[in-house]
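Structure, as structure tokens:
Just so you know, all these numbers are worked out from the coordinates, no wet-lab data involved. Since the model is a prediction, treat every value here as computed from it, not as a measurement. Heads up, the Cβs are rebuilt from the backbone with ideal geometry, glycines too, and the neighbour counts pull from every protein chain shown.
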Amino acid sequence: MTWGTALALLTLTGTLSDPDSPETGTMLNLDQRALHNPATSHLGKCQRARLEPLRVLSAWTAKWAMLATLAVSVLGQATASASAEPAERQALDFFRGEQRRLFSLMAKVDKGDASARAALDSALNGLIDFDTIARRSLGKRWETRSAAEQAEFSKLLRSLVETNYRRSIRSTINYAIAYKTSAPTASGEIRVNTEARSKQNRRAVPVSIDYLLTSTAESASAAKKPWQVTDVITDGVSMVDNYETQFGRILDKDGYAALIEKMQKKLSELQD
């Protein structure tokens, strides 16, 4: 129900509480015979005169009570409507807001704002599901690693993903980002499709960047956002699938120690 509808209803229902309407009830009952008695009649008139303001006040109180009730009802319906919004729409709206915040923070970082860098890292930490990305990047090989190796790998990959994400933000900060569609995937995530188009070169082919988001409703915490990114797909190429292919090849050929060494070397090359 819109506010216009609410006000229209109030206009209509207001006539139901007319202080002069017999439906509001008689506040003073006099015997019909007493009405012909001048003294009693005069007394009745005086009493009605004194009570008339109370009748009007009572009627208007009823009107304002109805207004307050209707307002709460309208707000309640609006809240219920927002909570019932499709998950894919919630994910898209959330991600658009987070991305714009990240672009704003990166612009401040590039201007030398040290506090903005800390805020940027904190925002990325809440937005990206590093643990899920780490497990998926090793695939079936994840379970073959010891707890210590899993922790070491996750820490290194976290730094790599974080660094790459910051570089991606910086490289597209001068691009016009269109947040186009969002849809659920077979695995239960929401795929948000965006398109980055260069502001300087209008003829350049736009870059398609999709983000897979997972709801954290069942594991919400102060450190987590309502939605977290579990994969980034650029022009059809999945970041997680690409990692799994590369890491698997290195593990199968050279072993775990070689993988860690290569990851450390790559991280040192990318540090910004």
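Taken as a whole, the structure leaves Gly248 outside the set of residues that are touching a residue at least 12 places away in the same chain (Cβ under 8 Å) and in a loop (DSSP other than H, G, I, E, B).
Taking segment 170-186 as the range and being of a type outside the set (Gly, Ala, Ser) and over 21 Å from the mean Cα position of the chain (by Cα) as the test, the residues that pass are Arg170, Thr172, Ile173, Asn174, Tyr175. When restricted to residues that are part of a loop (DSSP other than H, G, I, E, B) and exposed (fewer than 14 other Cβ atoms within 10 Å of the Cβ), segment 85-120 contains 5. Kindly evaluate Asn242 against the criterion of being out of contact with any Ser or Thr (no Cβ under 7 Å at 6 or more places or on another chain) and part of a helix (DSSP H, G or I). Criteria met by Asn242.
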